[in-house]
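For reference, the structure discussed in these notes is given below.
The values are calculated or read from the model by the stated rules, or taken from the named source; none is laboratory data. Source: prediction; values computed, not measured. Positions of Cβ are generated from backbone atoms using ideal geometry, with glycine treated the same way; all protein chains shown enter the neighbour counts.
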Amino acid sequence: MRTSSAFCATLVAIIAIFGFSVLVLIPTQAEAVNANCPNGDCPKFADSITNVNLQPPSGTAPLLETISVTYTTSSSVKQIIWNFGDGTAVTNISNTTSHTYQSAGNYTGSVELDFKDGQDDTKTFQVSVSGGIGANALNATISNPNSGTMNAYQYLLQKYNGSSVATSIPPLSIQTSSPTYNQGDTIVINGAVKNVSNQTAVTVRVMNSLKNLVSIAQLIPSNNGDFSTKVLATGPLWTKAGNYTIIAQYGPATNTTATFYYSGGDGTSTINKSVNGTFALQTPIGTFNIPYTIQGGAIQNIQVFGPQSTPPSTLAITINTSSDGSLSITLPRALIDSKQLPPTPTGPNQTTSQQFNPADMPDQAFTVQDGGHNVQFTEVKNINSRTLGIPFHKGDTTIDIVGTIAVPEFGPIAALVLAIAIISIIAVSAKTGLRFMPKY
């Protein structure tokens with residue numbers, strides 16, 4: 001008993017001197033969960049993917065798939081890596097992306113989120129694509145019908161009726177009607193496919209300066225290969241100023257891009273007026289219906305002057321402008337064109353009897369003038385027409401498109417001159433007895 005009493009007295013003295021403290025070890029939430037899931041299948045409680053959504057989850061090739069991801073995070077996203085499972089991938093910071101599956105098959109894709117605090121998470125998704133028109137084109141075998149008789153260039157000329165126009169047309173081209181746009185403007189996107197394949201659609205995506213998707217469309221080219229769409233630069237997606245990129249995709253391997261500058265917006269819905277129309281131009285060989293889209297003005301008149309005029313082969317467009325704007329106009333090659341013509345022989349003995357068909361000559365650029373000054377413009381073209389995008393300023397009144405070949409306009413003045421000339425010839429011949437046919 002004395003021993004116990006001494007021990008207790010000593011313990012009381014130690015507690016009195018140093019105080020009494022208790023260290024309690026409490027496991028964290030993650031450790032508690034890990035203790036219950038030794039296989040590593042425990043859910044994460046921060047910076048993790050919660051769901052991957054597919055719209056639509058399946059369909060027929062070519063299938064345009066919109067993929068979005070939701071996640072929880074205590075940090076912020078550094079980058080998102082999208083792997084679509086068909087050999088293509090893209091990296092951005094948007095939680096929504098799109099991809100076109102061109103061929104039938106069952107694809108396993110994945111989305112990986114990298115966070116700025118160093119954590120990352122990955123989730124897979126499944127896409128089922130059934131067969132469709134052109135879905136298995138990559139596996140098709142096409143024989144050369146002229147194997148051993150002509151080279152590829154000769155076959156190309158024969159395919160296009162001997163014309164070398166096709167040699168200057170890219171496989172896929174796309175342009176806008178103006179290099180710059182403001183909030184509320186209509187962005188006219190014109191494009192052309194050189195070799196059209198069975199109702200295959202062109203996918204057109206518009207990405208803003210942060211590489212986020214702001215617009216997407218699928219377009220079926222016409223028989224000539226051309227296509228066009230309009231995008232309104234307005235709303236909550238159109239706030240960032242900077243260089244925007246248009247990405248066009250046709251089939252699994254053909255793609256191209258174009259850029260324009262957007263001045264930014266406040267996120268509200270604003271629409272500036274644009275006019276779509278067709279101008280009927282009378283010529284000696286018939287009427288040409290010229291489609292156009294103009295923003296910031298209106299077309300008053302269009303005249304064409306042939307090679308005998310100065311400057312030669314010119315399409316003169318009279319406009320009435322209310323603000324800075326742009327004109328997108330499609331010109332038939334049969335009306336006006338611009339070609340690399342052969343050089344004219346020089347010297348006393350330099351003559352040639354060789355005949356050239358201008359339609360068979362390679363294309364060259366038009367010259368476009370606004371009020372007599374050369375302006376920059378965009379162009380897409382196919383075998384039958386050329387579409388130009390021309391910007392203009394408030395107060396401009398005339399736009400001249402100068403080529404090398406044009407059908408002269410047969411207007412009322414020319415008809416009057418011709419009528420007067422015929423009447424004069426008849427009057428002179430009646431008075432003088434002039435005969436145009438020999439009398440036997």
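Things to note:
- Looking across the stretch 86-106, just one residue is crowded, with 19+ Cβ neighbours inside 10 Å and more than 22 Å from the chain's Cα centre (by Cα), and that is S103.
- Residue check: N198 meets all listed conditions (1) part of a loop (DSSP other than H, G, I, E, B); (2) under 18 Å from Q175 (Cβ atoms) but one, namely (2).
- Once the stretch 341-368 is narrowed to residues that are under 24 Å from F288 (Cα atoms) and over 25 Å from the mean Cα position of the chain (by Cα), the residue that is modelled with the highest pLDDT is M361.
- If you go through the stretch 61-89 and pick out every residue that is closer than 23 Å to Q249 by Cα and at pLDDT below 85, you end up with 6.
- Among all residues of the stretch 151-165, there is at least one that is touching a Pro at 6+ places or on another chain (Cβ under 6 Å), assigned to a loop (DSSP other than H, G, I, E, B) and either modelled with pLDDT under 90 or of a type in the set (F, W, Y) (or both).
- Top-ranked residue in the stretch 224-240 [being hydrophobic (A, V, I, L, M, F, W, C) and either in contact with a Ser or Thr (Cβ under 8 Å, 6 or more places away or on another chain) or part of a strand (DSSP E or B) (or both); ranked as surrounded by the most Cβ atoms within 10 Å (Cβ to Cβ)]: A233
- Assessment of the stretch 268-275 against the conditions (among the hydroxyl-bearing types (S, T, Y) and within 22 Å of the chain's Cα centre (by Cα)) yields at least one matching residue.
- The stretch 65-98, residues that are of a type in the set (V, I, T) and part of a strand (DSSP E or B): T66, I67, V69, T70, T72, V77, I80, I81, V90, T91, T96, T97
- Among the residues of the stretch 241-270, just one is aliphatic (A, V, I, L, M) and exposed (fewer than 14 other Cβ atoms within 10 Å of the Cβ), namely A253.
- Condition check for G277: assigned to a strand (DSSP E or B) and not aliphatic (A, V, I, L, M): yes
- Q282 falls short of the stated requirement of being in a strand (DSSP E or B) and either closer than 17 Å to P171 by Cβ or aliphatic (A, V, I, L, M) (or both).
- Picking from residues in the stretch 379-390 that are crowded, with 22+ Cβ neighbours inside 10 Å and not basic (K, R), the one that is farthest from V188 (Cα to Cα) is N382.
- The set of residues in the stretch 99-120 being in a loop (DSSP other than H, G, I, E, B), of a type outside the set (S, T, Y) and touching a residue at least 60 places away in the same chain (Cβ under 8 Å) consists of Q102, D117, Q119.
- Matching residues in the stretch 241-255 - criterion: being farther than 11 Å from V202 by Cα and assigned to a strand (DSSP E or B): G242, N243, Y244, T245, I246
- The requirement of being under 17 Å from L388 (Cα atoms), modelled with pLDDT of 90 or more and not assigned by TED's automatic domain parsing to the domain that holds Q369 is not satisfied by A316.
- Entry remark, the stretch 55-85: residues being within 30 Å of D117 (Cα to Cα) and buried (at least 16 other Cβ atoms within 10 Å of the Cβ) number 10 in total.
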